[in-house]
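Just so you know, all these numbers are worked out from the coordinates, no wet-lab data involved. Note that the structure is a prediction, hence the values are computed from the model and not measured. Backbone-built Cβ (ideal geometry, glycine too); neighbour counts: all protein chains shown.
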Amino acid sequence: MPLVTPLKARARGWAAIVVMALTAFSPAVVPAQDLPEVDTALVISVDVSNSVDATRYQLQLEGIAKALEDEAVIEAILTGGRGSILLSLVMWADKPKIMVPWTKIGSKEEALALAALVRKLPREEGEFTCMSGMMRMIADKVVTQIPAQATRIVVDVSGDGKDNCNREEPVDVVRDELVASGVIINGLPILEGDGPTLEGWYRDYVVGGTGAFVLPAKGFADFGNAIRQKFVIEISGIPPPSKYAKAD
């Protein structure tokens with residue numbers, strides 16, 4: 001599989017930003033720097049819109065943290081061809097914000113350190129579900145700033161509703177732009193009363209790329225289980241179960 005090469009000219013400057021941002025959170029987390037190749041560059045997006053109360057917010061962060069601590073996820077990271085990944089985390093509602101810049105995970109210790117950081121992330125506030133704005137920011141400011149060569153670039157979109165910001169740029173337009181650049185977009189709709197409709201909307205407007213899939217969570221309480229399954233598939237690069245795969 002050909003490597004996806006980011007903008008190398010910005011790599012050194014972005015590595016410095018990573019060091020500064022991660023130091024503010026936790027000195028135990030190793031920033032992504034001097035990494036010529038990784039298996040997967042994974043962006044996690046966390047919905048913090050008005051429908052996500054404090055309990056639901058914590059369920060999302062705890063689910064991500066536990067997934068990073070999971071033995072199957074760690075094994076998928078360490079047994080890849082290059083034995084490491086990059087991970088970034090974005091919170092989004094009215095506006096998106098990068099909460100964890102690109103961070104290397106190449107050992108169990110680094111995975112556990114990042115899990116501890118995720119649990120302590122402060123919440124960004126917002127009212128609306130502005131998915132197209134989040135995807136535009138990821139397209140312009142996250143995937144273009146990967147400080148390494150990645151075999152796969154994956155954006156993991158999760159949320160409990162459809163885009164409701166009525167922006168001029170539709171979600172599927174940004175999706176298609178990302179996919180055209182080689183990015184895979186997978187979906188984790190959180191089904192809270194609007195299950196089949198939301199899952200179908202994710203399939204039609206959100207996910208795309210080679211091997212893209214939608215793996216729904218049956219409510220926020222199931223988020224941790226769903227994100228763990230997604231991580232194993234996304235990090236290892238194995239095909240998703242057919243029931244989750246996006247129809248061509």
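Couple of notes before you dig in:
- The order of 91, 135, going from fewest to most other C-beta atoms within 10 Å of their C-beta, is 91, 135.
- Length available on full extension from residue 79 to residue 127: 0.36 nm per residue minus the Cα-Cα distance, which gives 13.2 nm.
- Qualifying lysines (Cα of each under 27 Å from Cα of residue 120; at least 8 residues distant if same chain): 66, 95, 97, 104, 108, 141, 218, 230
- The order of 82, 152, 119, going from fewest to most other C-beta atoms within 10 Å of their C-beta, is 119, 82, 152.
- Cα gyration tensor category, rounded, prolate or oblate, for the stretch 114-248 with a/c compared to 1.5: rounded
- 13 Å Cα-Cα reach of residue 243 towards aspartates and glutamates, excluding residues that sit fewer than 8 places from it in its own chain: 199
- Inter-part distance where the stretch 216-233 and the stretch 92-124 are each reduced to a Cα centre, Å: 17 Å
- The DSSP beta bridges internal to the stretch 131-248 are antiparallel in roughly 20% of cases.
- Put in line by how crowded their Cβ is, counting other Cβ atoms within 10 Å and starting with the fewest, 222, 70 read 222, 70.
- Under the simplified labelling scheme, the residue 221-residue 50 pair shows an inter-label distance of 2.7 nm, with each label point 7 Å from Cα along Cα→Cβ.
- Label-point gap, in nm, between residue 107 and residue 173 - each point 7 angstrom along Cα→Cβ: 4.7 nm
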